[in-house]
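**Q** Here it is, the structure, as structure tokens.
The values are calculated or read from the model by the stated rules, or taken from the named source; none is laboratory data. The model shown is predicted, which means the values in this text are computed figures rather than measured ones. A quick note on method: Cβ atoms are made from the backbone with ideal geometry, for glycine too, and the neighbour counts reach across all protein chains shown.
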């Protein structure tokens, strides 16, 4: 049984484990004040092209989202999310648990647009309703689509004009930035969004997300929020070492490129086999539509999520590749498919 | 510069890292549903002597405390803590951030007694005040003292009579259970308290605390609370593998014993040198009182916390040992001390 | 300018003010422990036909909703509401501010059905999502529709089978129960729902809502929640006296009947004039659809809410009547209409 | 049985009820946008001597405290209160329920000083602890003492230097300002504190507190917070009419002076009878110390709180007078006392 279920099925890239081993007995200060974390933060600032951003290392996506969003908002302010947004339906109400409503915008491709956000603003004119304040986007999105530079520019411009905070969930930012269709660079982001995070967990780390706060007014006292939300590790070095390895050379991007290449092989084979897709997803998640009978066959040998019923006979499944996906496993899956189509 | 600052200055015990390496490329389910976590949970149930407890693995102490306490209490209910309690003054209001007051009981030795808790109950008779509901204790305490079995029996009995939840923070439970003065065993705990956690971070793990919920009424839906508070790792295996190693043989206790032995060497040498202590602490934290001039000298070669001013000329410092503390470093510290006393 | 804007434009029914005057200098205990409140609670228990319910008097609808719902739910649990529900879009995220998500079900007529709730349950299968637990309904609804007894029976049955709490917002319960189409009685409610409130503010009181908790497991410590949320008046007598007057004889129902009769006169005249309505609303709120030009004319003499754009030329308006609406004002409005149609 | 239990035993001053009667059938907008509220706000701005403050009318003290403090603070920030402070021990954790810790300063006379606040700041140096941000004081205090102008100047200066918010709970501000020992005027307050409220409930209104926000940075969007916390009455006129009456002429001060004069009569008689007091309280609450046997006798004819055990034989009681306290009742109490002393 091989798993295409997600991009966190394996441990960490061996280079990361090696770095953990080598540094293991060095004594360091706790709570993210160790030398590895400080160096990782410097590296990340360099890679995003701005020394004036603040960078913090946290352990997971839900934790990063809830800590950041609750730090950025006042009690009556709300977040806006695409209807597919992770904070909306897949984090057990973590944002609401910090007191804030998440407003949904229906969108087919998982991406928010100025028009969608504008409609929310118009529907919330006064103090009898929450005040929409933070726009939450994911790149790549929960359904594998990615934002183009021009789209982000327009959305960011709209947010600035309307005094909204633009926050990007980058759980799969590596895959987005390494997509064939991508025209963004990591160092474009501080100009385009107010805060974002660079996902480590889904791109080769044991755990870890690097939050980058670009807008000055959002920076103050962030470490207090981390501590209060249980997001400050005693052995912060565990995060620092990993992000240092990911960004020391090009490992972060190499791993994402591998994941994308594996997804690309699958996509290509499916296209050739005339398979339809639920959505256009040029990243490491793809959503082919199969007959239910075929899905049942595939499930005997492969592990994956059945994503959505399409009609009585067809459903889409989600195939996710990662830094650890083996080329022979992809080839095997393609061979398997050919038997049935 | 050698550090006696805390018990989380180094990485993890090599056996744990080795286990991470060996399992690295095995594919597993996420979110704590992997085989390693399931096996670790079984092992822990076995070690605590009860198959009917629920066990959950979280990443750190503040996170475990806030997730458990907010899951256990209704909105108007409060926790009671010794004035030295970690949740009271060292977790950035994490419990209050989930909506609950923490009531303080002054106590010199860091330990709560039925009398102390009773006084709080008497001071909170009606609905104009919070309703005290959960008694928070730490073992070992924040100042190194430990609970004896008889003390826990009395406190637990009082809690049951008064319908209070007794919760034990076990960030340093290993050191407590391996103390020379200890008469508790891990498998005594489910009879004595309603929930407790077994600290991994401060006893040889990279990170990780194992929460054990003993009382049936506290168990329901706990994984929802973990997810909501950002306490559920995508790669839950990282915690499972570590706790499996800690409890597979006797590693958890071996490491704590080493830490205690190192503290014992320091304690013994200080006693012989007629040094006074701030408090009686038979575990891996000791608090000798030194002249400020001596502290200044020691700080040139050693890293530690200056804990409390005792008078104009004297202060207590905190020396913490761990699984990783080197015997020669302890000997060196003792030699250094002898030069000055 | 006469207002049909809402049912809280005037003060209180004169009989209520008279009772306030007459009792004014009697000394009473505070915080709802006065004789008037105790008597009002007894009266309400009698009227709802059950002595085993708990009754609490609060000041307004949002306050009652947030205090009750946050008392009833655990942190990971969510409320389900019709898309028109007051808690969803018109209470500034009051429920979310207590930590709970509100899940929306699209429905044209403002009423939830078992099917709608079932779909939400099916969409929330595991701990990565909130756990739907409380079903929030309003009667009459925010768009003037009312629940029939059979509908409530089915919904209540579904809730019991699925271990859900059924909570009814009765801000306009008087108008619902006095509707021509109604087949419910006040004393049917404890069998049908787990908790509900009887609205005073919109039916002749200066302020005040009487929360009735029917299900035993929801009763404990409710006064703590009231105090904590700022919902316990020092001079609780102010609420007790009013509810005593409303239920001493038949005042509560007399006032609602008047409001409905006034709405009925408007509805009848509009039907005769072939005006269309946005929705079927047999209570004290009606939503006729007018040409925008006519609305502009009416706004010169009458105050009301423009509810919703219907198409380029037409919009619906909301006309609300109350205990204080004057028959001659209604006649005047009808005359005015006739001029333009 | 006559009650000296509190200053909210009766209804409202007759002039206030009269105003409610006379305005009863005037149609007004809801939610505090009525003409009475707008006029009351203008009057209050005039009386506090500043047109640039924001004024909001809320229903009670706990509600005002929790709405204001949660609006003013970010999640990691805490309030500082005297150990006698109402928010600390008598509001069922209302502030903690909004997420914020309340830090206590022991003080005998109920009043905070710069030294007391400074000690809290020094004890909270970093992100492992909450960040003290708001200083909560009451005037008069919960034990009847009052702040002198010079004391407030020093405390306010300290707060400004340390970037702290100074917030005054004025539940009994009338009594404080009308004390014989007072040297403050209502229009001094905007210079001295950042926000305060003027208590109506305990000074002749049915209910109502007028929050005055002086510091610009605290003003934004306050009505959102009111709505979210259930603190915005549909019939806001009920508050507006009352505050208009209280401040139209001198009623607010006349009522407080009466209450103080009644307390003064009691105090004077007690002093002559050589009775000791628990604390110096030149306002409408006094705390004489009596033998327990005398207290038992008094309880047969009078209602009051037994405040605190002083020793085995003596306790202090709390006597509270109000706008409604009758001179003959005070004389009767004094006569009764004489019988026993």
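**Q** Looking at A:231, A:259, which one is buried (at least 24 other Cβ atoms within 10 Å of the Cβ), facing chain B (nearest Cβ under 10 Å) and either farther than 27 Å from residue A:109 by Cα or touching a residue at least 60 places away in the same chain (Cβ under 8 Å) (or both)?
**A** Only one candidate qualifies: A:231.
**Q** Taking into account only those residues within the range A:13-26 that are surrounded by 18 or more Cβ atoms within 10 Å (Cβ to Cβ) and within 7 Å of another protein chain (Cβ to nearest Cβ), which is nearest to the chain's Cα centre (by Cα)?
**A** Filtering first and then ranking leaves A:17.
**Q** On the given criteria, is residue D:240 closer than 15 Å to residue D:175 by Cβ and under 20 Å from the mean Cα position of the chain (by Cα)?
**A** Considered against the rule, which asks whether it is closer than 15 Å to residue D:175 by Cβ and under 20 Å from the mean Cα position of the chain (by Cα), residue D:240 comes out as no.
**Q** Please pick out the residue among B:266, B:270 that is in a helix (DSSP H, G or I), buried (at least 18 other Cβ atoms within 10 Å of the Cβ) and touching a helix residue (DSSP H, G or I) at 6+ places or on another chain (Cβ under 7 Å).
**A** Step by step, each of B:266, B:270 is checked, and only B:266 is in a helix (DSSP H, G or I), buried (at least 18 other Cβ atoms within 10 Å of the Cβ) and touching a helix residue (DSSP H, G or I) at 6+ places or on another chain (Cβ under 7 Å).
**Q** Being closer than 30 Å to residue D:19 by Cα and within 7 Å of another protein chain (Cβ to nearest Cβ): is that true of residue C:38 here?
**A** Taking the combined requirement at face value, the residue does not satisfy it.
**Q** Being outside the structural domain of residue B:98 (by TED's automatic domain parsing) and either in a loop (DSSP other than H, G, I, E, B) or at pLDDT 95 or above (or both) is true for just one of B:256, B:231. Which residue is that?
**A** Criteria check complete, one pass: B:256.
**Q** With the structure loaded, tell me whether residue B:335 is without any contact (Cβ under 8 Å) to a residue 24 or more places away in the chain, within 18 Å of residue B:1 (Cα to Cα), within 14 Å of another protein chain (Cβ to nearest Cβ) and surrounded by fewer than 16 Cβ atoms within 10 Å (Cβ to Cβ) or whether it fails that test.
**A** It is false that residue B:335 is without any contact (Cβ under 8 Å) to a residue 24 or more places away in the chain, within 18 Å of residue B:1 (Cα to Cα), within 14 Å of another protein chain (Cβ to nearest Cβ) and surrounded by fewer than 16 Cβ atoms within 10 Å (Cβ to Cβ).
**Q** Does at least one position in the range D:114-130 carry a residue that is crowded, with 23+ Cβ neighbours inside 10 Å and within 15 Å of the chain's Cα centre (by Cα)?
**A** The answer is no, given that none of the residues of the range D:114-130 is crowded, with 23+ Cβ neighbours inside 10 Å and within 15 Å of the chain's Cα centre (by Cα).
**Q** While we're here: Give the residues of the range C:234-243 that are touching a strand residue (DSSP E or B) at 6+ places or on another chain (Cβ under 8 Å) and either in a loop (DSSP other than H, G, I, E, B) or within 14 Å of chain D (Cβ to nearest Cβ) (or both), sorted by residue number.
**A** C:236, C:239, C:240
**Q** OK, next. Residue A:46 is checked against (1) facing another protein chain (nearest Cβ under 7 Å); (2) surrounded by fewer than 19 Cβ atoms within 10 Å (Cβ to Cβ) and fails just one. What number does that condition carry?
**A** (1)
**Q** Just give me the residues in the range A:204-228 being buried (at least 19 other Cβ atoms within 10 Å of the Cβ) and facing chain D (nearest Cβ under 8 Å), in sequence order.
**A** A:223, A:224, A:225, A:226, A:227, A:228
**Q** Among the residues of the range D:176-199, is any within 14 Å of chain C (Cβ to nearest Cβ) and not in a helix (DSSP H, G or I)?
**A** Yes - at least one qualifying residue is present in the range D:176-199.
**Q** While we're here: Which condition does residue D:303 not pass, out of (1) surrounded by fewer than 15 Cβ atoms within 10 Å (Cβ to Cβ); (2) at pLDDT 95 or above; (3) within 22 Å of the chain's Cα centre (by Cα), if it passes all the others?
**A** (1)
**Q** Here is a follow-up. Could you tell me whether residue D:62 is in contact with a helix residue (DSSP H, G or I) (Cβ under 6 Å, 6 or more places away or on another chain) and buried (at least 23 other Cβ atoms within 10 Å of the Cβ)?
**A** Yes.
**Q** Residues in the range A:313-332: is at least one surrounded by fewer than 18 Cβ atoms within 10 Å (Cβ to Cβ), more than 17 Å from the chain's Cα centre (by Cα) and at pLDDT below 95?
**A** No, the conditions are met nowhere in the range A:313-332.
**Q** Which of (1) at pLDDT below 95; (2) more than 11 Å from every other protein chain (Cβ to nearest Cβ) is the odd one out, the single condition residue D:84 does not satisfy?
**A** Every listed condition holds for residue D:84 apart from (1).
**Q** Shifting gears a bit: State whether the residues of the range D:50-68 include one that is without any contact (Cβ under 8 Å) to a residue 60 or more places away in the chain, in contact with a strand residue (DSSP E or B) (Cβ under 7 Å, 6 or more places away or on another chain) and within 11 Å of another protein chain (Cβ to nearest Cβ).
**A** Among the residues of the range D:50-68, not one is without any contact (Cβ under 8 Å) to a residue 60 or more places away in the chain, in contact with a strand residue (DSSP E or B) (Cβ under 7 Å, 6 or more places away or on another chain) and within 11 Å of another protein chain (Cβ to nearest Cβ), which makes the answer no.
**Q** Go through the range B:89-123 and report how many residues are away from chain A (no Cβ under 14 Å), touching a helix residue (DSSP H, G or I) at 6+ places or on another chain (Cβ under 9 Å) and touching a residue at least 40 places away in the same chain (Cβ under 8 Å).
**A** Total satisfying the criteria: 6.
**Q** For the range D:161-174, does any single residue satisfy the condition of being part of a helix (DSSP H, G or I), more than 14 Å from chain C (Cβ to nearest Cβ) and over 24 Å from residue C:233 (Cβ atoms)?
**A** Yes, the conditions are met somewhere in the range D:161-174.
**Q** Identify, from the list C:266, C:270, C:246, the residue that is in contact with a strand residue (DSSP E or B) (Cβ under 9 Å, 6 or more places away or on another chain) and outside the structural domain of residue C:329 (by TED's automatic domain parsing).
**A** C:246
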